[in-house]
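The values are calculated or read from the model by the stated rules, or taken from the named source; none is laboratory data. It should be emphasised that the depicted structure is a prediction, and the values quoted were computed from it without experimental measurement. Note that we place each Cβ from the backbone using ideal geometry, even for glycine, and neighbour counts take in every protein chain shown.
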Amino acid sequence: MTLREISLPEGISSAAAHTTTVDPQKAKSSRRRRVEIQRLKSSCRESQNGVVEEVNDTCGAHGGVSVMGRRREMEDALTMEKELVELELKKYDYFGVYDGHGGSHVAEACRDRMHAILLEEIMIWDTWRKKSGGDVEGVDWEKVMGKCFERMNEEVGGGGDEKVEEMTVGSTVVVAVVGNDEIVVANCGDSRAVICRNGVAVPLSLDHKPDRPDELARIEAAGGRVINWNGHRVLGVLATSRSIGDYYLKPYVSSIPEVTISKRTEADEFLILASDGLWDVISNEIACQVVRRCFMGRIKSQEFFNQICKISSNRAEVAAVLLAELAIAKGSKDNISVIVVDFKKFSRLTC
């Protein structure tokens, strides 16, 4: 896996368009316009007639983007790992978005380690399954994901000797494991996974907001409080009720993920994973419409679309950039990270 930074073509960045005066902080506007894209080893090839051919049978094109946006610091991170593991001749890909707060080191640790921990837990489960005589089929995803998040939470601290500043750093996590037959989503926080099925936006995760009735009851049962201070916050501080890290708010803030398992269907079109920098200003339905139009080449501003296509010939990657740009244009004040995974297996042409 390699990482590259690119600059959007002149005139594209909505953040710059919304800035009319320049102060010392805004003098770094070029940083605001820089887009970080993760590229993976190629999983497709182009034939002589220009049509992209499928060489992987799990999913089609995929791309991710992280934008600092209007924040002064970049605290988001993302991971994309093709063929993380193969079990019983079935391949599984891994995609994760991590939205840090209080600092970037927890999100970066999740980026670097969470998929490796998950792989270890899957192999531990598979070893146990084989020793049990093979009577158990598949993976107990809820158990495996739960252990993965627990270990990740322990790795970023919790040993009792953390510095004060380390105890106030955390990250939300939403990950998707995509197999031939199923999509497993584990969510801890207010990032979100949405799948488009036959044109309909279907959420695969539910945001962990402090005022969500079951989350509010859990926090209060543990002796905590939710205070409406510029939005509902745990102890008036944190705007999400689950995360990795944030030890100063334990046990009120939980690191236990909610796991959903969805069977793949022919109606599945694509998957979107994103941090709340996107979802705070764009609905599930609008996000899916934008990606669908991008895949079909039906973006209203063709000039704008063509400029972004200069960044990449990967339509999923272009769709992720479009969503990030739209979020900035809609007034998002947060870091924005987006991953788009196409399930149509390269049935469309590239840009």
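Let's see how each residue does on (1) at pLDDT below 95; (2) in contact with a Gly (Cβ under 6 Å, 6 or more places away or on another chain); (3) at positive phi:
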{"residue": "157", "(1), (2), (3)": "yes, no, yes"}
{"residue": "163", "(1), (2), (3)": "yes, no, no"}
{"residue": "190", "(1), (2), (3)": "no, no, no"}
{"residue": "196", "(1), (2), (3)": "no, no, no"}
{"residue": "216", "(1), (2), (3)": "no, no, no"}
{"residue": "223", "(1), (2), (3)": "no, no, yes"}
{"residue": "227", "(1), (2), (3)": "no, yes, no"}
{"residue": "231", "(1), (2), (3)": "yes, no, yes"}
ask   = How many residues, within segment 86-119, are among the acidic types (Asp, Glu), surrounded by fewer than 17 Cβ atoms within 10 Å (Cβ to Cβ) and within 30 Å of residue 167 (Cβ to Cβ)?
value = 1
ask   = Which residues, counting only those in segment 220-236, are more than 22 Å from residue 275 (Cβ to Cβ) and outside any loop (DSSP other than H, G, I, E, B)?
value = 220, 221, 227, 228
ask   = Yes or no: residue 211 assigned to a loop (DSSP other than H, G, I, E, B), of a type outside the set (S, T, N, Q) and in contact (Cβ under 8 Å) with a residue 24 or more places away in the chain?
value = no
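State whether one or more residues within segment 130-138 are modelled with pLDDT of 95 or more and either of a type in the set (Val, Ile, Thr) or part of a strand (DSSP E or B) (or both).
Residues of segment 130-138 that are modelled with pLDDT of 95 or more, as a first pass: none.
There is no residue in segment 130-138 that is modelled with pLDDT of 95 or more and either of a type in the set (Val, Ile, Thr) or part of a strand (DSSP E or B) (or both).
Do we find a residue being acidic (Asp, Glu) and touching a Phe, Trp or Tyr at 6+ places or on another chain (Cβ under 8 Å) anywhere in segment 200-215? Spell out how you get there, then give the answer.
The initial filter retains those residues of segment 200-215 that are acidic (Asp, Glu), namely 207, 211, 214-215.
Imposing the further condition that a residue be touching a Phe, Trp or Tyr at 6+ places or on another chain (Cβ under 8 Å) reduces the set to 207.
Yes, the conditions are met somewhere in segment 200-215.
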ask   = What are the residues in segment 120-145 that are hydrophobic (A, V, I, L, M, F, W, C) and exposed (fewer than 15 other Cβ atoms within 10 Å of the Cβ), if any?
value = 123, 124, 128, 136
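Would you mind stating whether residue 113 is over 23 Å from residue 343 (Cα atoms) and modelled with pLDDT of 95 or more? Break it down into steps so the answer makes sense when it comes.
Numbers: over 23 Å from residue 343 (Cα atoms): yes; modelled with pLDDT of 95 or more: yes.
Yes; evaluated as a whole, the condition is true for this residue.
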remark   = Here the qualifying pairs (Cβ atoms under 8 Å; residues six or more apart or on different chains; first in segment 157-178 and over 18 Å from residue 206 (Cβ atoms) and part of a helix (DSSP H, G or I); second modelled with pLDDT of 90 or more and of a type in the set (Asp, Glu)) come out as 167/246
inquiry  = Restricting to segment 270-295, and then to whatever is charged (D, E, K, R) and modelled with pLDDT of 95 or more, can you tell me which residue is nearest to the chain's Cα centre (by Cα)?
reply    = 276
